[in-house]
Amino acid sequence: MDPTPTTVAVLGLGTMGLPMALNVRNAGIPTVVWNRTPPPAAVLDGLQAVPSAAGAAASAGIVVTMVADADAVLTIARDHGMLAALAPGAIWVQMSTIGVAGTAGLIELVAAERPDVVFVDAPVSGSAEPARNGTLTVSASGPVSARVALEPLFGAVGERTVWVGEAGAGSRMKLVANTWLALATEAVASSLSLAHRLGLATSAVLEALDASPLISAWQGAKLRRIAADDFSAQFALSLALKDVRLALDAAGPDSLPTLEALSAQWQRAVDEGYGNQDLTAVLAALDARA
């Protein structure tokens, strides 16, 4: 297929990728999609699916990768032929959270094999609901020359785009944001677990703290979901733990002892079977040990 500069190809249709692709399409941007395991037609909701990653990449001027980790991104780029199929001048927008080392490896790969392709590092902050609502935050980094071309895409998936420098800076900023999120989650879980051990109900804590200056709007929303006994995954604990480990790897050994302790606690919760639930399920793991 001949590439169309205005077409966006979204590779990866998981919890985040699928709603992002739908929002891009709904914004009036020609959109094609690909996933390693083709989803049912009803899930695609009219999105144009392409049989191969290479075919999707060849048809688009902007290609988005949105998958679980660095290995998955590299597999798509190399084994599935995405990078080789990109047209000269195409923009590869890497929006997965893959850490500092993973992003540096992709920058080196593009420089070595496809210097005629523009690489933009732009991970997103937000979970399933913001992805559906198009209210993600994009931490974008890369050439200034790509910004105008990417405005429609970023505007379709997010309510806020922050350009933070050369490619790689976006992934570093995402690790900072995810560390903040992890510690905010732990504040909710540990405080509620203490409340339960002291005989206080979640509803009482919610009444006392909700809308107070002590908690963020995000923490308040999590408190309300916990009060409703809803631990369905908006951001799975196993994925949140992966991001915590990326931050620890980037920071270096023995540099963030609080985050290291959190990582060990969350790993135990994953081992106990909470990994596919929302990251707030760490509270259920703590309560189960009481």
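Taken together, ALA156, ALA169, ALA149, ALA182 contain a single residue that is under 17 Å from ALA236 (Cα atoms), of a type outside the set (Ser, Thr, Tyr) and in contact (Cβ under 8 Å) with a residue 40 or more places away in the chain, which is ALA182. Does GLU151 meet the test of being under 29 Å from ARG25 (Cα atoms) and not in a loop (DSSP other than H, G, I, E, B)? Considered against the rule, which asks whether it is under 29 Å from ARG25 (Cα atoms) and not in a loop (DSSP other than H, G, I, E, B), GLU151 comes out as yes.
Residue by residue, here is whether (1) touching a residue at least 40 places away in the same chain (Cβ under 8 Å); (2) more than 21 Å from the chain's Cα centre (by Cα); (3) buried (at least 16 other Cβ atoms within 10 Å of the Cβ) holds:
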| position | (1), (2), (3) |
| --- | --- |
| ASP229 | no, yes, no |
| PHE235 | yes, no, yes |
| ALA261 | no, yes, no |
| LEU283 | yes, yes, yes |
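Within the range 246-258, the residues that satisfy the criterion of being surrounded by 15 or more Cβ atoms within 10 Å (Cβ to Cβ) and closer than 20 Å to ALA70 by Cβ are LEU246, ALA247, LEU248, ALA250, ALA251. In the set (1) exposed (fewer than 15 other Cβ atoms within 10 Å of the Cβ); (2) under 29 Å from LEU44 (Cα atoms); (3) among the aliphatic types (A, V, I, L, M), the condition left unmet by VAL144 is number (2).
Contact map, the range 120-138: residues that are among the acidic types (Asp, Glu) paired with residues that are assigned to a strand (DSSP E or B), Cβ distance under 8 Å, separation 6+ or inter-chain. Pairs shown: ASP121/GLN94; ASP121/ALA140; ASP121/SER141. Here's a check for you: in the range 26-75, which residue that is in contact with a Gly (Cβ under 8 Å, 6 or more places away or on another chain) and of a type in the set (Ser, Thr, Tyr) is surrounded by the most Cβ atoms within 10 Å (Cβ to Cβ)? Among those that are in contact with a Gly (Cβ under 8 Å, 6 or more places away or on another chain) and of a type in the set (Ser, Thr, Tyr), it is THR65.
Exactly one residue among VAL50, VAL93, VAL110, VAL63 is in the same structural domain as ALA156 (by TED's automatic domain parsing) and out of contact with any Phe, Trp or Tyr (no Cβ under 6 Å at 6 or more places or on another chain), and that residue is VAL93.
The values are calculated or read from the model by the stated rules, or taken from the named source; none is laboratory data. Since we're looking at a predicted model, the values are computed, not measured. No Cβ is skipped: glycine too gets one built from the backbone with ideal geometry, and neighbour counts run over all protein chains shown.
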